[in-house]
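Quick note: the coordinates plus some simple rules give every number you see, no bench work behind them. All figures in this text were calculated on a predicted structure; none of them were measured in a lab. Using ideal geometry, Cβ is built from the backbone for each residue, glycine included, and neighbour counts are taken over all protein chains shown.
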Amino acid sequence: MTQDDPATFEQALASLDQVVARLEGGEVGLEEAVTLFEEGQRHLRACRERLAVAQRRIEELTAQGQPAVPQEPGPF
């Protein structure tokens, strides 16, 4: 992650969505499209890194015997 990366997964995903919308809009020139693509790649990498951290944390918790999701009481 770099200083330019959004602080949270949600921010990175929102930024990625904005980049995709601009690219799909077809209103940008070639040079701007390439720059946007590079920016989108940074946001995608930030999302993947944050997801990997969350997955490792969940794996650690479940390995310690803590359920990843609170268990509902049974029907009986």
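Modelled spin labels at Glu32 and Glu60, positioned 7 Å past Cα toward Cβ, are 4.3 nm from each other. Placing unit charges on each Cβ (+1 for Lys and Arg, -1 for Asp and Glu) gives region 9-63 a dipole about its Cα centre, and among Leu16, Ala52, Leu36 the Cα reaching farthest toward its positive end belongs to Ala52.
For Ala21 and Arg45, the difference between the fully extended length at 0.36 nm per residue and the C-alpha to C-alpha distance is 6.8 nm.
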